[in-house]
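Participant: One structure, pasted below without further comment.
The values are calculated or read from the model by the stated rules, or taken from the named source; none is laboratory data. Not measured: the values here are computed from a predicted model. Every residue, glycine among them, receives a Cβ derived from its backbone with ideal geometry; neighbour counts consider all protein chains shown. Side chains are part of the model used for accessible areas, which takes the heavy atoms of the whole protein and leaves out ligands, DNA and RNA. Shrake-Rupley method; radii C 1.70, N 1.55, O 1.52, S 1.80 Å.
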Amino acid sequence: MSRVDQLRFIIDDIDKNIVRLFEKRMETAEKIAQYKLENNLGILNTSREEEVIESALNELYNKDYKDELEEFIKKLMEISRRVQQKRILGMGKKSIKIGFQGVEGSFGHQAAIEYFDKDAEFMEYMSFEDVFKGLLNGETDYGVLPIENSSTGSISSVYDLIGEYGFYIVGEKCLRIKQNLIGLKGASIKDIKEIYSHTQGFEQSSSFLKKHQEWKLIPYHNTAYSAKTVALSKDFTKAAIASEKAARLYNLDIIEKDINDNEHNYTRFVIISRKALEYIDTSKISVMFSIKHRAGELYKVLEGFHLNNVNMLKIESRPIKNRPWEYMFYIDFEGSLNDIDIVKSIEKIKNSSTYFKLLGNYTADKNAS
């Protein structure tokens, strides 16, 4: 055996020990998460993490590896927090039920699978409000809903429903959306007379559709519903705008690929829950509030962001039902409730508002900014 082979043998043996210790650490992290859940304790403890890193560095004999060890410990703790997050959300368990709008093959279904575990139970709902009703009635544990698209903007009906039902945002998932023109096997673009899709599918593919103004556009519940309808119709003159996955699922051909206007086309989905959760690695906050209908009131609210150096990501306003010219505002901004400047900004909003609700403090998806 060569010297290199001997060293590789030693590394293999070390790796086996690392695997055993890694497994033991993750199991312990889960036990800690369970204890915190049972005792209503927060998950993220910044000072504790700093102590762990400092302690690890003190144990290091060869200080040349200081930077590498710090990077390793930080990554290890990040993974541990993700394991705790799974425990909190119930992810990886068959018993967890996730509601989404649409059918199998829809973008909502895809976002739910990617955020949660594929082994969860996914429940289909016809409309956005049906998802909220399912959560309200205890049929599901979480709901997954689209709230904005990078090309077409906010999905206002979802904002309205969040305000109406008073649920909490506990996470988000940004999904890259690729719209395709799909039809029956063997169908060509010359055969098409009718197109089915969700209104978002039409809006995101408007430039492509302008080239075919002879087509009749039929708005439907969902892009995947549209694909399913075309498949069941057996009609070569009907096509749908939907995902590649929907085409495969319903045995349809992709007639034209990637027809959306914007190459960087993303939809942001929010994860909603009946109750707020103590979360980990919190980096984004959503709030809703209303103010008096008079000059300068909104400025008073927004001033707190500037004074406390808080980065506001988005502001959305929606009319308040039965109250003409009054609006509910929704704001997303960077931060964690562990940060005193964030707390000051929130207090500023509260003090300047006639109504205020913290919708959630959660982990931002890196594709959402």
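Participant: Please report the spacing between the Cα centers of the stretch 1-26 and the stretch 223-277 in Å, no decimals.
Facilitator: Computed from Cα coordinates, the inter-centre distance equals 46 Å.
Participant: Are there chymotrypsin sites (Phe, Trp or Tyr not before Pro) in the stretch 282-369 that DSSP marks as loop and that have at most 16 other Cβ atoms within 10 Å, and which are they?
Facilitator: Trp325
Participant: Continuing with the same structure: Charges only on Cβ, +1 for Lys and Arg, -1 for Asp and Glu: so what's the dipole of the stretch 108-219 about the Cα centre, in debye to the nearest 20?
Facilitator: 880
Participant: Which order do you get for Arg20, Arg176 if you rank them by accessible area with a 1.4 Å probe, largest at the top?
Facilitator: Arg20, Arg176
Participant: On to the next question. Taking only the C-alpha atoms, wrap a convex hull around the stretch 257-357 and report its volume per residue in Å³ as a whole number.
Facilitator: Expressed per residue, the convex hull around the Cα atoms of the stretch 257-357 is 179 Å³.
Participant: Sticking with this one: In degrees from 0 to 90, rounded to the nearest 10, what is the angle of the helix 156-165 Cα long axis to the longest principal axis of the chain?
Facilitator: Helix 156-165 sits roughly 60 degrees off the main axis of the chain.
Participant: Something else now. Say the dipole of the stretch 110-261 comes from +1 at the beta carbon of Lys and Arg and -1 at that of Asp and Glu; which of Ser205, His221, Ser150 then lies farthest toward its positive end?
Facilitator: Value computed over the given set: Ser205.
Participant: What percent of all Cα-Cα pairs in the stretch 322-369 falls into each 5 Å bin, going from 0 up to the bin containing the maximum distance?
Facilitator: Each 5 Å bin holds this share of Cα pairs: 4, 15, 25, 22, 16, 10, 6, 2.
Participant: Above 19 angstrom, tally the Cα pairs of the stretch 190-255 and express them as a % of all pairs, no decimals.
Facilitator: 22
Participant: Quick check for me: using +1 on Lys/Arg Cβ and -1 on Asp/Glu Cβ, what's the dipole size of the chain about its Cα centre, in debye to the nearest 20?
Facilitator: 900
Participant: Considering only protein heavy atoms, what per residue accessible area in square angstrom results for the stretch 230-316 with a 1.4 angstrom probe?
Facilitator: For the stretch 230-316, the per-residue accessible area is 50 Å².
Participant: In the stretch 182-247, which trypsin sites (Lys or Arg not before Pro) are in a loop and have at most 13 other Cβ atoms within 10 Å, using DSSP for the loop call?
Facilitator: Those that pass, being in a loop and sparsely packed, are Lys185, Lys193, Lys211, Lys234.
Participant: What's the percent breakdown of Cα-Cα distances in the chain across 20 Å bins, shortest bin first?
Facilitator: Going out from 0 Å in 20 Å bins, the chain shows 24, 47, 26, 3, 0 percent.
Participant: With angles folded into 0 to 90 degrees, how steeply does helix 3-38 sit against the dominant principal axis of the chain? Use alpha carbons for both and round to 10.
Facilitator: Its long axis makes an angle of about 70 degrees.
Participant: Hey, another quick one. With springs only between Cα atoms under 10 Å apart, run a GNM on the chain and tell me which of Ile98, Ile349, Ile53 wobbles the most.
Facilitator: Ile53
Participant: At q = 0.16, 0.20, 0.23 Å⁻¹, what log₁₀ I(q)/I(0) does the stretch 206-321 have when each alpha carbon counts as one equal point scatterer in the Debye sum?
Facilitator: Per q value, in the given order, log10 I(q)/I(0) is -0.94, -1.16, -1.41.
Participant: Also, quick follow-up: Can you find, among Phe72, Ser336, Tyr355, the residue sitting farthest towards the positive end of the charge dipole of the chain, where Lys and Arg contribute +1 and Asp and Glu -1 at Cβ?
Facilitator: Of the candidates, Tyr355 comes out farthest on the positive side.
Participant: Which length gain, in nm to one decimal place, applies between Asp15 and Leu313 when the Cα-Cα distance is subtracted from 0.36 nm times their residue separation?
Facilitator: Residue separation times 0.36 nm, minus the Cα-Cα distance, leaves 103.0 nm.
Participant: Turning to a different aspect of this structure: If you line up the long axis of helix 66-89 against the longest principal axis of the chain, both from Cα atoms, how many degrees apart are they, to the nearest 10?
Facilitator: 50
Participant: Moving on. As an exercise, find the ratio Rg/Rh for the stretch 121-185 from alpha-carbon atoms, using the Kirkwood inverse-distance average for Rh.
Facilitator: 1.02
Participant: For the stretch 124-238, just the Cα atoms, rotate onto the principal axes and tell me the three extents in Å, largest first.
Facilitator: Here the spans come out as 48, 28, 21 Å, largest first.
Participant: Using +1 on the beta carbon of Lys and Arg, -1 on that of Asp and Glu, and nothing else charged, what's the dipole of the stretch 259-369 about the Cα centre, debye to 20?
Facilitator: Using Cβ point charges on Lys, Arg, Asp and Glu, the stretch 259-369 gives about 620 debye.
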